[in-house]
Each structure stands twice: as structure tokens, then as C-alpha cells.
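Taking it in order: structure first as C-alpha cells, then the write-up.
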Amino acid sequence: MPTHGEQTTIPVKRVDGNAAAGALGEILRLDVTTAVAECRHCTASAALADAIVEQDAEGTIVLCRSCGHTLLTYVSREGRRYVEFAGLASLTSA
Ligand SMILES: [Zn+2]
């Protein structure tokens, strides 16, 4: 057990992005209604179901209920889908 101030070396391997598929697949399949989102702007954490959503024919914008900043943006246009998690510090499954 390292004491305060000591550094430990944890072995890390570098491989290509295929190695992340399993982990990302798990988090992207989570129940988003109960997942807890942490806002990058105000650090508030709340269930994604409690966020504010603005929608139109092409997209969805999810806003932090605490500060009103954008947590994530989803756009579907011409058969392509785009998602941006710019304001999301983290997303945790319940
Ligand atoms: Zn916020």
C-alpha cells in the first residue's frame, strides 16, 4: 500500500480504438432515464430524466436544469446521426 507522496506505476497498454468498443457499448446502452448526468458548467448532478429538453424535427438538446447550459446535443439529418457531449462532465448508470 503506497503512503502519501509515493507514486505507483500501474501497467498500461496502448491498443487501437476497437478495444474501447465493449466499454463504450455498455455505457451507451444504459437506461438514460435513470442515468445521472454531471454538468461540466455548474457541477450539478441529476438524473437525465430531470433535465430540460428542447426538440425539433432534426434534433434534441438536453439542458442542465440547474444552470441552463447545454449538456448534450443530438441531431439526425439525412440518414446520419450526430451526438455531442460538450457540457456533460460524466454520465453514470444508476
Ligand atoms: Zn449546470
Quick one: 3J(HN,Hα) in Hz for segment 34-50, Karplus 6.51/-1.76/1.60 with θ = phi - 60°, rounded, Gly and Pro as x.
9, 5, 9, 9, 9, 7, 5, 7, 10, 6, 5, 10, 7, 4, 4, 5, 8
About the Cα centre of segment 1-77, what is the dipole size in debye to 20, counting +1 per Lys and Arg Cβ and -1 per Asp and Glu Cβ, all else neutral?
200
Considering amide H positions built from the backbone, and no H for Pro or chain starts, which residues 5 or more places from ALA44, or on another chain, come under 5 Å of its amide H?
CYS39
Using θ = phi - 60° and Karplus 6.51 cos²θ - 1.76 cosθ + 1.60, couplings along segment 80-89 (whole Hz; Gly, Pro as x):
10, 10, 9, 9, 10, 9, 4, x, 9, 6
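Each value in this text was obtained by applying a stated rule to the coordinates, not by laboratory testing. The structure displayed is predicted, hence computed values, not measured ones. FYI the Cβ positions are ideal-geometry reconstructions off the backbone, even for glycines, and counts take in every protein chain you see.
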